[in-house]
Amino acid sequence: MSEDSTLQLEFCGEWFPISRDEPFYIGREGALEIDDNPYLHRRFLRIAFVEDLWWIENVGARLSATLADSEGNTQAWLAPGARLPLVYAGTTILFTAGPTTYEINLVNPDPTFAPAKAEPVHVGDTTIGPVALTESQHLLVLALAEPVLSGRGSAAIPTSAQAAERLGWALTKFNRKLDNVCDKLDRNGVRGLRGGPQQLAVNRRARLVEHAVASRIVSTDQLPGLDEEKARNTSS
């Protein structure tokens, strides 16, 4: 790593250089004060330069974060107490605190690892690794992720009723397909989509959006498909 390399962080269109001389904290307090969200830890994530590598550590007690390289080829779940090296040229961080999901981007000018070029992903029957989503399952995920894909760093995840209305679906149809998507991804090793009764209502929708955005299962250019789906269902 060259002496003049500096990690850069982007949040809501604002850029922050991260010095190698002192840790950079993300939370309600720290170098990046996200907002006054009471569900967010005072200090949640810590970025530091240690032993010739940049590291990110979850110093919170309850929340987890999803990390992925900028191409969406690799993804990691950063639980409380865990840390990971930041080895890619670009890293996306997504996490949810209460009703709000946040997206942060890191740019490393001197990365230590370059992933192999991935095969293109085709949407219709969307395939990410061994996981294939049908067209309707993909639309469900897209409806939930729309605020994040349209936002500038933070967004509220829709309720099931709001997402169902966006698609022109009955709520029972939406909930049935949501169960199927979460079960399918859970069977393929995606963490955070199952839990106790209090977790299933809100947290699994947020975790599903984090995974889908980080893995590039959904993207901004696919959003017009939501209007097309609602038009089909309201005209029939």
Tally of residues being free of Cβ contacts under 8 Å to residues at least 60 places away in the same chain, buried (at least 22 other Cβ atoms within 10 Å of the Cβ) and closer than 16 Å to PHE24 by Cβ across region 68-107: 2
Report whether or not LEU185 is within 17 Å of the chain's Cα centre (by Cα), under 30 Å from LEU106 (Cα atoms) and either surrounded by 13 or more Cβ atoms within 10 Å (Cβ to Cβ) or modelled with pLDDT under 95 (or both). yes
Residues in region 52-64 that are assigned to a strand (DSSP E or B) and more than 13 Å from ASN108 (Cβ to Cβ): how many? 2
Filter region 212-230 for residues that are more than 17 Å from GLN162 (Cβ to Cβ) and open to solvent by 50 Å² or more (accessible area, probe 1.4 Å); the one that is modelled with the lowest pLDDT is ARG216
Is it the case that region 159-177 has a residue that's closer than 19 Å to LEU67 by Cα, out of contact with any Phe, Trp or Tyr (no Cβ under 7 Å at 6 or more places or on another chain) and open to solvent by less than 30 Å² (accessible area, probe 1.4 Å)? no
Residues in region 126-158 that are open to solvent by 60 Å² or more (accessible area, probe 1.4 Å) and hydroxyl-bearing (Ser, Thr, Tyr): how many? 2
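Listed here are the residues, each with its yes/no results for (1) open to solvent by 50 Å² or more (accessible area, probe 1.4 Å); (2) out of contact with any Asp or Glu (no Cβ under 9 Å at 6 or more places or on another chain); (3) at pLDDT below 95; (4) of a type outside the set (Lys, Arg).
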residue: GLU3; (1), (2), (3), (4): yes, yes, yes, yes
residue: LEU9; (1), (2), (3), (4): no, yes, no, yes
residue: ARG28; (1), (2), (3), (4): yes, no, yes, no
residue: TYR39; (1), (2), (3), (4): yes, yes, yes, yes
residue: ARG46; (1), (2), (3), (4): yes, no, no, no
residue: GLU51; (1), (2), (3), (4): yes, yes, yes, yes
Selection count, region 65-108, where residues are acidic (Asp, Glu) and in a strand (DSSP E or B): 2
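The values are calculated or read from the model by the stated rules, or taken from the named source; none is laboratory data. From a predicted model like this one, the values you see are computed outputs, not experimental measurements. In this analysis, Cβ positions are derived from the backbone assuming ideal geometry, glycine residues included, and neighbour counts consider all displayed protein chains. When the accessible area is computed, the model is the full protein with side chains, heavy atoms only, and any ligands, DNA or RNA have been set aside. Shrake-Rupley method; radii C 1.70, N 1.55, O 1.52, S 1.80 Å.
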